[in-house]
Each structure stands twice: as C-alpha cells, then as structure tokens.
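Engineer: Got a structure for you, written out below as structure tokens; questions coming shortly.
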Number of protein chains: 2
Amino acid sequence: AFYHVRPRQINDTVTKLLNSKNDPLIKNKDNIRNNDKILKLPRGTRDYHPNQMKIREEVFSTIINCFQQHGANTIDTPIMELITLLKEKYGEDAKLIYELKEQDEDESLALRYDLTVPLARYISQNKISAMKRYHIGKVYRRDSPKMTRGRYREFYQCDFDIVGAYDAMVPDAECVKIIAEILDKLALEQYKININHRKLLDAIFTVCGVPDKLFRSLSSTIDKLDKIPWDIVRNEMINEKGLLPETADRIWGYVQMHGNADLINQLRNDSQLTSQKLAIEALNDLELLFRYLALFNVTDKIVFNLKLARGLDYYTGVIFEAVLTQYQYNPQLDDDQIAVGSIAGGGRYDELVQKLDPKQRYVPCIGLSIGVERIFAIKEHQLTESKIQSKIISTEIYVASAEKNFLEERMKLCTYLWENGFKTEMAYKRNPKLLDQLQYCEKNQIELCIIIGSSELHDGTIKMRNVMTREESIIPREQLAEQLRNHLIKVRQRLTENKQQ
Amino acid sequence: AFYHVRPRQINDTVTKLLNSKNDPLIKNKDNIRNNDKILKLPRGTRDYHPNQMKIREEVFSTIINCFQQHGANTIDTPIMELITLLKEKYGEDAKLIYELKEQDEDESLALRYDLTVPLARYISQNKISAMKRYHIGKVYRRDSPKMTRGRYREFYQCDFDIVGAYDAMVPDAECVKIIAEILDKLALEQYKININHRKLLDAIFTVCGVPDKLFRSLSSTIDKLDKIPWDIVRNEMINEKGLLPETADRIWGYVQMHGNADLINQLRNDSQLTSQKLAIEALNDLELLFRYLALFNVTDKIVFNLKLARGLDYYTGVIFEAVLTQYQYNPQLDDDQIAVGSIAGGGRYDELVQKLDPKQRYVPCIGLSIGVERIFAIKEHQLTESKIQSKIISTEIYVASAEKNFLEERMKLCTYLWENGFKTEMAYKRNPKLLDQLQYCEKNQIELCIIIGSSELHDGTIKMRNVMTREESIIPREQLAEQLRNHLIKVRQRLTENKQQ
C-alpha cells in the first residue's frame, strides 16, 4: 500500500498541512447579514467555544472541589422567579432586572439577578434553619456590557453560603478563607482581600451627620470609590444625595483609612465613633474575625479597608471583596485598561430571609461569590500568551485505514473499542485519505492511531501508531484492548514528563 | 471527660436521635403566604434539592462520558436569542416560546426553545463546516406542565450533533448507537429505538393524496399517535387538516406498519410507493442504516416504525426516538400513568443552517437529544424505592471536641487538614455538644471523626473515630495526615465490599 512505501514523506506532509491550517472556530466572530436580518447574539452575551469551555470546566472544577472541601452540598433553582420576589431587594440596581413578557397568564416573571435572593426564597419555602450550599449558575443584569473587562449581561456566579445561627465570626472567617484558597489554587497572581463591616459604615455615617434614610444609598456611592476618583464621588454626595460638603469630607476622612488589625485598636480610640453601639459591635466582630483569620493562615492577604461598602442593599455585617492587585483602580489608566479588579466578594445578610419569610423567621446567612467571568478572561489571556495548544477533545484512539472499502471493518473495530471503554473515533467517510486521518489525529492530539488494511486483516493483526512520536508497531488482534491500555499509560507518562521539563 | 466515661450510651443516643429526625429538606414543599404575597416558584419550574442534584450530576456524568467517548467537544450559547432567529423554526409550537419584555432598546429577545437552532446560528456565525459537539443546557417552553411525568417549562436538554457533509448514514448510525449506549449505561430497564425517515413519510403522504403544503403539519399530527388513539387523530386529519376520510385511512394503512429490516424489502414491493423518488432514497438510506447498526451491535433495540414522525419542522431525513417499553402509550391507562414514554430522540436536519445562513451555505447536520428530566424522575423514584440513603456531602473528616474552649484548636486542625487536601468540616459553635457533632457525622456519612481535648493536646495526639464502626484509636499528631489517608482508603474499601454483598 501507498502508506508502507513512503512514511517519511507522509509525516512531512501532515506537518505542513497542519501548519497551514488555522482553527476555523476562531476565524470569524463578526456578525453577518442575512438579507435584511442580522445573525447576531443578544447584546452583552457570548458563546463559549470548545477551547473556552475547556478553561471554564477547569475553573469550575477547582472552585467546586474547594466548596466541597468545606462540606457544602449543592442546589439549583430556576433561571426565572416571580417579579414580586426580586422587587425591593437590590436598591438602585433593580432597573437592571430582565422581565419576561406576560402571556395569557397572571404570573409576572423576571430572570434572576443573583443567586442570593433565590437562596433566601428556597430557605424560607423549605423551612431550612441550617445549610451549607454552593450554587453555580447564570444570572442576568441589563447592565452596560464591558465585555473586554469580562462584564456581561448573562454571566456565571459561583456562590457558597452558610445558613444558620452560629457563634460570631466562625462562618464569616471560613468564607474569607475559602476565597483565599480558591484564588491560590487558580494561581491568578497577587491579590488582597478587603474587609469592612456595614455596622461600622453606618456608625461613621451617623457620626458624620448623614440622615438614616440615606445610609443604604450612600453605601452604593462609597462603593464606587474603587472605580471613580474621590472628587467625582464627593460631587455625587453633595449634588445628588444632598450632603453638606463638610459631611462628605468627614466621611472621606474615615473611608481613606486602611491597614491591618492594628487599625481596629486605632478606631477604638476614636471616642466619637465608639459612642455608637454599632461601631462597638462592628469592632468586636472584626477583632474576632482577624483572630480567626490568623488561625486560618490568611492574615497576609487581608486588608481592613474602610472604603469597601459593597453595592447591594441586603448586607448587614462583615463584608469582603477580593481584588487582583495588578488590576486595581488607577486614575492614570483609561477605562479599558482597568480590565478586571474585583474578582470575588460577599458578606453577611442576616435579615434577607426574615424579610420575605411569611412568619418572619430569622435565619442569619453569610455568603461569597466568585466572579468567574473575569477569571475566564484572565485564563484565556494566559493561555493565548503561553501559545500552548491544549487538547480539547477526549479521543484517545483513532481507527484509520489506508485502503478502500474498509468502512465496515473500521466500524467493527470502533464497536469493539467503545465496548472496552476506549474513547474512540473514526472518519465518517467511506474511503477517507490516510493523510487526512493522520492529520486529524495530530491536530487533535489523539494519543494512538490504529490502522487496518488487507494485510493486517489477513494476518489477524492491527498496526498501532504513536501519534506524537510517529512510531509504529504491530499488535495481534486478540491482544488489542490490553496492549492499547498499556500503551496509553506509557504515552501519558511521557507527556507528563515532557511537560515537567 | 464525659465522653470517656460512657461511650456506649453516647452511641445509643446518637442512633436514637438520628432515627427520630427527618431530613428538613424534604418536609414541606407547599407554597406559603407572606401577607398577601405568595412565596412560590414560576409555574412548571422546580428547585433541585441536594439529593436530587446528586442524581442529576451522576446522570450528566454518564451522558457526558459517552459523548466524549465518541469524540465530541462542547460549546455553550446564551439562554436567550434574538426572536428573529427563533421565529418560523418550530411550526405550530412557536406559540410556546417565552419572550422577554423590551426595555429601552430595539432588541427583541426570547428564551431558547431548544439547543438545535442556537447550534445552527453558531455554525453559521462561525463559518463552521464540520464539528462534533455536545451541549447540556436548559431550554424553555411555555407548555402545560405535567410535572409528575417529568415535563417542565424549564428543563434540561443533552444534545449531541454531528455537523458536516459525510457519506450516507455513517453519522446517522453513530447517533443511534450513542442513544443505545447511554440508555444501557443508565440501566433504565427495557427500551426500544423507533426509526423512520421523513422522506418516506412524505412519499406516503403523496401516494395517499395529501397536498404538499400539509406535509409538515401532518407530521405533527402523526406524531401524536404515541399519546392519542387513532380515531381522535383521524378526526383531526379530517376536520382540522381537511383530508378526505379515505386519505386518512390510507395513511393509517401505512403508519401502522412496524418491524425490523425486513419491512424495508416489503415496502420495496409496494410499486405505488416506489414510484416516488423520495421513497427510494429513504429505503436506500434505511437499508444502509440497518446494516451499520448491525455492525454497531444494536439491532436488537431497533424498530422500523412508520408511525414515528417527530414534531419539529426542521427534520429532513432519518428520525429516531427511544421509548421505555414499560411506559409506552396504552389507551387503558389514564393520563398520569403514562408517566414517561419517549426518553431520547433526534434526526437529520440538513437544511436548517442553509435557511438562516446569509450565503445559504449548505451544512448538513444530524443530532440526538436525551430527555434527562424524565430520567431524573425515574432515578429519583428508583432511589426512593430502594430506601438507600446515599451520601450527599463530600466531607471525609470531621474535627470535633468534647471540651469547652477548643474552638481555636479545631480551627488550627481544620487549616492543617485543608492544606493537606482533606475534605474537612467542624461545628461553627464555640462549644458544641459532642453528641451533636457525632450525630452530624453519622447523618452525613462522614468517614472519620477526629476528636481533640486537653489530654490529646497534652500528649501530642489525636483521637480518631471510624464513624461507621464507631471504633476509636489514638494517633500521634505528627503522623496525622499520613494515617488519615491510610484509614480513608481502608474505610472506603470496606464500604465498597459491603455494597457488593
């Protein structure tokens, strides 16, 4: 057969063809006109291509493994909820909720905005008083998409929450610990975890002379300080919220403060602040929290940062947010260069379940959320930079033939290999070219290719080709499964060794 | 300590407490009134509780493993698409599409109805000519929910599609093979896979005197024969579609036929039918398909069934549907008892991409979809019947103490165990009762409990308890990780042996 005569030329040709072809998946992402109709995605949404799915699944697997390491189980809830549940939970952001059209029925539905309010509904409806659960799912916000920064209108949240009444700061410390563990395992470069307390912010607002009714909306304003410079935030406080300039400046005096656990003692000496019961409660909480975080070995990552406010209304205690230090807010950079920033966050929300529970049952909760879209963006960038072609499909054995009319023999071999648990493929053409078959193996990093022809059929053998080394050997048909298993182990060992070098 | 004195009593009490408590998760699923607001789920949707998630993940893992065994990669697309893409793709079912409210913008969006039309959009937009991909995701149909039958408005589809122009019936045979493999691996009792061909149905319609424009809508009518008796379908054909009674009866003469590959030859002798080019094409396809299915070892599951029509408009060639024979349509049963029935299906849709592609690019496709919600329902039922309590959380080691003021020691131990990769939990209370801690371990089937107290702290040891056997031993602190690893292996071996007995 042709193949036996010129193996070297074939190898060269395969290499040449491989280099000349690009992945058709990446070629064209532009929107295309179909007559007058445009074929495009909804604004702020994306497809995940196979190479991106590979990254996504690796990131999810790391995160899930860590959540499970801390004893969480998992639940799922529908992507839509009754609008009545979602209303009045998100403060100024409620305008970003996607509503569904009402059709024939009286149910008004909306897409979920986060996984926290659905969890509160789940806790109340199922009368749960204690639970540790994680939930990975898509949420929807009709926001201005900044897709280069990993901000979409449809995006994943990975949440871990501890539900139940326990002793102070024990679950809180574990949530911060989990964020640190996940970011360490994902190897995302330098990060820090900012920590603050909603009660401390409220005490500061009181001391500075802010009226009670502005507390929550002012938290949203303070929260912008990681994206917007102080003078603009100050203007918003004065012109939109109606604060006196001196009130704004007193707030600025506090929220600039940041440091380690020593800052707690410094604040204890502020007699005006400590005249507030809420401030004492917050400082006691934080002192305990920092103590526990030391036992959990994460002190070096922690910053007590009074600027941290978190946007959402429902937080009531400790709040935290992880930031990649490389991508922190810098007024010198333009908007696109800010790129990522906050990558995980969360806090205590002790009153959310009570607010919607029919019997006002009090079920304190704390939770964290990992911003995986931003992590995907970083990982995709890292992979592109590294120029490593990672293996996408799982196929380990390819069944090929160099001769005509071997389709049915290839089918029989595939059946045998599938039944023996091998991840196996063959060409869908009756008489494919050997070159095309070998090229497919190399392009997709399939470990072994087995080749059958009339001489092999006559001898009761199979030719086996190691795709990477291009070495070939002959195997008796009756030893096929066993020998393939052994060879796969060897090939994988060699691949692992190569990577380590 | 209390614990050292009376271990047996403690064991008895733990057992008693465990038996008296039910899982709070399953207790109450009723909707609850909150003042005038009702706390409930959208119609036709469900939450997945942790025990149901366990089943779901096992089913997905079996299916994904099989899809990967056949060389597929995976993609993801947004849950919403432009309405213009979804219109005119689903025939009479288009009224079931969920639309989103338009807000401020000109984009009209709807929730996806299946994963096939989004795939066609993906293929066209990315100019793909060949691909083998699976996609697991939720789809949305505003249907009358029959939740006892596993029919929801939000439900999962697990799709596998082969995209590209290949030789006849090679991908088609693999799709049928994959359905058989998955149903075998899921061990769902007896099933059969009905096979038919859209071109054969069209030829039959022509021969019986049906006008061309009724072909697609008549396929939907025929498709109801697995749920509705013939006399009702006949009335619909005559009164709604306007067929002559003799036309309807001639169709009935054909669609009653079913059998094995021999039926192909029988139909070849029907000279009226074989005067139709489409019939010849269909019979040639089916002959080849049955031949390939024999090579794939699935002949015993296959029925050539002329009643199979599939509801959706876009099929153009071979169609197939797997049915659990135990749950097949039986006119004697009332609606709820039909329970499950069709559990997987699919077919060839060669013109869908061409219809929406701006350059009318012809990209033939074939795909299959697994009806996992029905599979979940069966698996949940099987598990309830078996009364086996399966382990839900992954925790393998629990850190406990019998004494007061050991919270910080427990925290340090947890940190050590987390850093060594153990799935570890501890109580969140400062001074939990030992009984509560041991009860938590038994209820959640945690393999090992390690107990620390002042004597252990003094001696530099840890007490380790095998939760299942309640055997205890003392381990030196410096051998902790190593000994725990060894004990976990032993405990798991014993559990596996117990299961096999």
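The values are calculated or read from the model by the stated rules, or taken from the named source; none is laboratory data. In this text, all values refer to a predicted model and were calculated from it rather than measured experimentally. Counting neighbours? That spans all protein chains shown, and the Cβs are built from the backbone with ideal geometry, glycine included. Each accessible area value is taken on the protein alone, full model and side chains, heavy atoms only, with ligands, DNA and RNA left out. Shrake-Rupley method; radii C 1.70, N 1.55, O 1.52, S 1.80 Å.
Engineer: I want the antiparallel fraction of DSSP beta bridges within region A:397-498, as a percent rounded to 5. Provide the component values of the computation, followed by the final result.
Structural biologist: Numbers: 9 of 16 bridges.
Once the DSSP bridges in region A:397-498 are tallied, antiparallel ones form about 55 percent.
Engineer: Another one. Each label point is 7 Å from the Cα along the Cα-to-Cβ direction; what then is the distance between the points at A:GLN389 and B:ASP106, in nm?
Structural biologist: Between A:GLN389 and B:ASP106, the simple spin-label model gives 4.3 nm.
Engineer: If you don't mind, another one. Could you name the lysines in cross-link range of B:LYS499, using Cα to Cα under 26 Å and dropping any fewer than eight places away on the same chain?
Structural biologist: Reachable lysines: B:LYS16, B:LYS21, B:LYS54, B:LYS185, B:LYS379, B:LYS387, B:LYS391, B:LYS423, B:LYS443, B:LYS490.
Engineer: Same structure again: Please list, or write none, the lysines whose alpha carbon is within less than 23 Å of the alpha carbon of B:LYS355, excluding same-chain residues fewer than 8 places away.
Structural biologist: A:LYS27, A:LYS29, A:LYS37, A:LYS40, B:LYS87, B:LYS89, B:LYS95, B:LYS127, B:LYS132, B:LYS199, B:LYS213
Engineer: Once amide H atoms are placed 1.01 Å from N in the peptide plane, what residues at a sequence separation of 5 or more from B:ALA400, or on another chain, have their amide H within under 5 Å of its amide H?
Structural biologist: For B:ALA400, whose amide H was placed from the backbone, the distant partners under 5 Å are B:ILE450, B:ILE451, B:ILE452.
Engineer: Right, next: Mind listing the phi-derived Karplus ³J(HN,Hα) values for region A:154-167, rounded to whole Hz, using 6.51, -1.76 and 1.60 with θ = phi - 60°, and x for any glycine or proline?
Structural biologist: 10, 8, 7, 10, 10, 10, 10, 9, 10, 9, x, 8, 10, 6
Engineer: If you bin every alpha carbon distance in region B:62-121 into 5 Å steps from zero, what whole percent lands in each bin?
Structural biologist: 4, 16, 22, 18, 14, 11, 10, 3, 2, 0
Engineer: For region B:209-265 and region A:120-182, what is the separation of their Cα centres, given in Å?
Structural biologist: Centre-to-centre (Cα) distance: 52 Å.
Engineer: How far apart, in nanometres, would the label points at A:ASN239 and A:GLU57 be if each is projected 7 angstrom from Cα along the Cα-to-Cβ direction?
Structural biologist: If labels sit at A:ASN239 and A:GLU57, their model points lie 5.2 nm apart.
Engineer: Also: Please compute the Kirkwood hydrodynamic radius of region B:50-386 from all pairs of different C-alpha atoms, in Å with one decimal. Intermediate results must be reported in sequence, preceding the final value.
Structural biologist: On the way: mean 1/r = 0.0480 Å⁻¹.
Mean inverse Cα-Cα distance, inverted, gives 20.8 Å.
Engineer: Let me ask something additional. Give the average, rounded to an integer, of partner chain Cβ atoms located within 10 angstrom of each Cβ in A:124-130.
Structural biologist: On the way: counts 3, 9, 9, 6, 4, 1, 2.
Average neighbour count from other chains, rounded to a whole number: 5.
Engineer: Rounded to the nearest angstrom and ordered from largest down, what semi-axes does the equivalent ellipsoid of the protein assembly as shown get from its C-alpha gyration tensor (root of 5λ)? Don't skip to the end; give the middle numbers.
Structural biologist: Details: eigenvalues 565, 242, 190 Å².
Output for the protein assembly as shown: semi-axes of 53, 35, 31 Å.
Engineer: Would you list the P(r) distribution for region A:59-166, with all Cα-Cα distances sorted into 5 Å bins from 0 and each bin expressed as a whole %?
Structural biologist: 2, 11, 19, 20, 20, 15, 9, 4, 1, 0
Engineer: Based solely on its DSSP helices, what 222 nm [θ] is calculated for chain A when runs of n ≥ 4 H residues each add -39,500 (n - 2.57) and the sum is averaged over all residues, nearest 500 deg cm²/dmol? Write down the numbers at each step before the final one.
Structural biologist: Values: 21 runs with 214 residues, N = 501.
After summing the helix terms and dividing by residue count, I get -12500 deg cm²/dmol.
Engineer: For peptide B:358-370, how many partner chain Cβ atoms fall within 10 Å of a residue's Cβ, on average?
Structural biologist: Working: counts 8, 2, 1, 0, 0, 0, 0, 0, 0, 0, 0, 0, 0.
What the average comes to for B:358-370 is 1.
Engineer: At 7 angstrom along the Cα-to-beta-carbon line, where would the label on B:SER454 sit relative to the other copies? Give the distances in nm, shortest first.
Structural biologist: The answer, with the shortest distance listed first, is 9.1 nm.
Engineer: Right, next: Averaging over all projection directions, find the projected area of the Cα convex hull of region A:397-498 and quote it in nm² with one decimal place. Before the final figure, lay out the partial values.
Structural biologist: Details: hull surface 24.1 nm².
Convex hull of Cα atoms, orientation-averaged projection: 6.0 nm².
Engineer: Still on this structure, please answer the following. Mind listing the label-point distances from B:ARG43 to the same position on all other copies, shortest first, one decimal in nm, points 7 Å along Cα→Cβ?
Structural biologist: Output for B:ARG43: 3.2 nm, nearest copy listed first.
Engineer: So what's the angle, to the nearest 10 degrees on a 0 to 90 scale, between helix B:50-69 and the longest Cα principal axis of chain B?
Structural biologist: 60
Engineer: Give me the percent relative contact order of chain B, please, defined on Cα pairs under 8 angstrom at least 6 residues apart. Could you put the intermediate results ahead of the total?
Structural biologist: Values: 771 pairs, mean separation 76.7, N = 501.
Here the relative contact order equals 15 percent.
Engineer: Order the peptides A:355-366, B:366-377, A:106-117 from the highest to the lowest mean number of other Cβ atoms within 10 Å of their residues.
Structural biologist: On the way: A:355-366: 17.6, B:366-377: 23.4, A:106-117: 20.2.
Ranking the peptides A:355-366, B:366-377, A:106-117 by packing returns B:366-377, A:106-117, A:355-366.
Engineer: Now, a different point. Considering only the label points, 7 Å along Cα→Cβ from Cα, what distances in nm to one decimal separate A:THR469 from the same position in each other copy, shortest first?
Structural biologist: 4.5
Engineer: Which of the three applies to region B:258-321, rounded, prolate or oblate, going by the alpha-carbon gyration tensor with a ≥ b ≥ c and a/c under 1.5 meaning rounded? It would help to have the intermediate numbers written out before the result.
Structural biologist: Numbers: a/c = 1.73, a/b = 1.15, b/c = 1.50.
Note, shape of region B:258-321 comes out oblate.
Engineer: Then there is this: May I ask for the distance between the Cα centers of region B:371-442 and region B:59-87, given as a whole number of Å?
Structural biologist: If you average the Cα positions of each part, the centres end up 33 Å apart.
Engineer: Here's something else I'd like to know. With the Cα gyration tensor of region B:141-217 giving a ≥ b ≥ c as the square roots of its eigenvalues, does the rule (a/c under 1.5 for rounded; else a/b larger than b/c for prolate; else oblate) give rounded, prolate or oblate? Don't skip to the end; give the middle numbers.
Structural biologist: On the way: a/c = 1.99, a/b = 1.23, b/c = 1.62.
It comes out oblate by the Cα gyration axes.
Engineer: Nearest 5 is fine: what % of DSSP beta bridges in region B:50-386 come out antiparallel, could you say? Mind showing how you got there, number by number?
Structural biologist: Details: 40 of 45 bridges.
Taking every DSSP beta bridge with both residues in region B:50-386, the antiparallel ones total about 90 percent.
Engineer: Whole number in Å², please: accessible area per residue of the protein assembly as shown, 1.4 Å probe, ligands, DNA and RNA not counted. Intermediate results must be reported in sequence, preceding the final value.
Structural biologist: Working: 43230 Å² over 1002 residues.
Here the residues of the protein assembly as shown average 43 Å² of exposed surface.
Engineer: Further question on the same structure: In the protein assembly as shown, what percentage of the DSSP-assigned beta bridges are antiparallel, given to the nearest 5? Working shown, then result.
Structural biologist: Values: 107 of 131 bridges.
About 80 percent, rounded to the nearest 5.
Engineer: Here is a follow-up. Can you list residues whose amide H is under 5 Å from A:GLY371's amide H, if they're 5+ apart or on another chain and H is modeled 1.01 Å from N?
Structural biologist: A:ALA344, A:GLY345
Engineer: Can I ask one more? Relative to the first principal axis of the alpha-carbon coordinates of chain B, what is the inclination of helix B:198-208, with its axis defined by its Cα atoms, in degrees from 0 to 90 and to the nearest 10?
Structural biologist: It is inclined by approximately 40 degrees.
Engineer: What average number of partner chain Cβ atoms lie no more than 10 Å from the Cβ of the residues making up B:199-211? Intermediate results must be reported in sequence, preceding the final value.
Structural biologist: Details: counts 0, 0, 0, 0, 0, 0, 0, 0, 0, 0, 0, 0, 0.
Counting Cβ atoms of other protein chains within 10 Å of each residue's Cβ and averaging gives 0.
Engineer: Leaving ligands, DNA and RNA out of it, work out the accessible area of A:LYS95 with a 1.4 Å probe and give it in Å² to the nearest 10.
Structural biologist: 140
Engineer: While we're looking at this one, here's another question. At a 10 angstrom cut-off on C-beta neighbours, averaged per residue, how do the peptides B:182-189, A:165-172 rank from highest to lowest?
Structural biologist: Numbers: B:182-189: 16.9, A:165-172: 19.4.
Those peptides, ordered most packed to least, come out A:165-172, B:182-189.
Engineer: Return a whole-number percent for the relative contact order of region B:397-498, with Cα pairs under 8 Å and 6 or more residues apart as the contact set.
Structural biologist: Working: 138 pairs, mean separation 25.8, N = 102.
Relative contact order here is 25 percent.
Engineer: Now a separate question. Along the charge dipole of region A:298-446, which of A:THR424, A:LEU356, A:ILE446 sits closest to the positive end, that is, farthest toward it, with unit charges on the beta carbon of Lys, Arg, Asp and Glu (+1, +1, -1, -1)?
Structural biologist: With unit charges placed on the Cβ atoms, the residue in question is A:THR424.
Engineer: How far is helix B:245-255 tilted, in degrees, relative to the longest principal axis of the Cα atoms in chain B, given as a value from 0 to 90 rounded to the nearest 10?
Structural biologist: 50
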